[in-house]
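For reference, the structure discussed in these notes is given below.
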Amino acid sequence: MASRIPKPAFTIRDAVTADLPVLVDFLTRLALHVNGGLEMQLKESEYQRLYEVLETALESPDKRIVVADLPGVGLIGMGDVTVWSSQSIWEQATVAEYRSAIIDDIWVEPDYRKFGVFRSLLKRLVEFADERGAYDLVLEYSSSNKEAKQAWTRLGFVTTGIRAAAFTQNVKEALK
Ligand SMILES: CC(C)(COP(=O)(O)OP(=O)(O)OC[C@H]1O[C@@H](n2cnc3c(N)ncnc32)[C@H](O)[C@@H]1OP(=O)(O)O)[C@@H](O)C(=O)NCCC(=O)NCCS
């Protein structure tokens, strides 16, 4: 448990190719976490796809993947950001191009949570977004993810949309 170990002396750095196997593992465990923590095995084809997506991201000037690295232990967290540009569709617009940064794939190893790893990762991601001229930061998290909700809300993120789901049969009933 985090309370039994001293605050880890981790460093934050950009991800490199050698990190990719660990990053795929983090993304797999993040997906399991989002799916309710069920024990499942990733398909080999999906492992390969994730590896390639991350590998491509390392080369992209609009993306940054950062990791928290603890000497003697290895990687204990990751996060990434992508800056998107869109042209204004309005004649009256004073700004021709609008940039937004999408924050994604935030994972901190369970034993190293509540030590500020997330905040340190985010600082680096926000620096990148700011340098690239992003006007705002956008992200998604599951409404059942209490620690994510708490962490993002404390940083000023507010809900701007709602993704809704219903069982098809229930909707069919409701439409009768
Ligand atoms: C959410 C997560 C990234 C937080 O990482 P962390 O390194 O423990 O976070 P930090 O220690 O930097 O704390 C950040 C803030 O979140 C709060 N927080 C962190 N974990 C929390 C929890 N379990 N419950 C309530 N608040 C929590 C902290 O109080 C802190 O706020 P403060 O600095 O104002 O006190 C981590 O729990 C995690 O990886 N969860 C699983 C994956 C996930 O949910 N990713 C986010 C998807 S969007």
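Just so it is clear, none of the values below were taken in a lab; they were calculated from the coordinates. In this text the structure is predicted, and so the values were computed from the model without any measurement. All Cβ positions, even for glycine, are placed from backbone atoms using ideal geometry, and neighbour counts span all protein chains on display.
Annotations for the structure displayed:
- Centre-to-centre separation between the Cα atoms of segment 41-74 and those of segment 112-176: 20 Å.
- Candidates per trypsin sites (Lys or Arg not before Pro) in segment 5-74, loop by DSSP, up to 10 other Cβ within 10 Å: 43
- Separation of the residue 60 and residue 100 label points, Cα + 7 Å toward Cβ, nm: 1.5 nm
- Rg to Rh, two decimals, where segment 2-138 supplies the alpha carbon set and Rh follows Kirkwood: 1.03
- Relative exposure of 135, 141, judged by other C-beta atoms within 10 Å (fewest first): 135, 141
- The GluC sites (Glu not before Pro) of segment 93-161 that meet both conditions, a loop assignment by DSSP and at most 13 other Cβ atoms within 10 Å of the site Cβ, are 140.
- Pairs of lysine residues in the chain - Cα separation under 29 Å, sequence separation of 8 or more or cross-chain: 15
- Whole-Hz couplings from phi, Karplus 6.51/-1.76/1.60, listed for segment 55-63; x for Gly and Pro: 4, 5, 4, 4, 8, 7, x, 9, 10
- Residue order, fewest to most surrounding Cβ atoms within 10 angstrom, among 104, 19, 62: 62, 104, 19
- For segment 18-53, the set of GluC sites (Glu not before Pro) satisfying both a DSSP loop assignment and a count of at most 14 other C-beta atoms within 10 Å is given as 39.
- Between the listed residues 116, 61, 138, the Cα displaced farthest toward the positive end of the dipole of the chain, a dipole computed from Cβ unit charges relative to the Cα centre, is found at 116.
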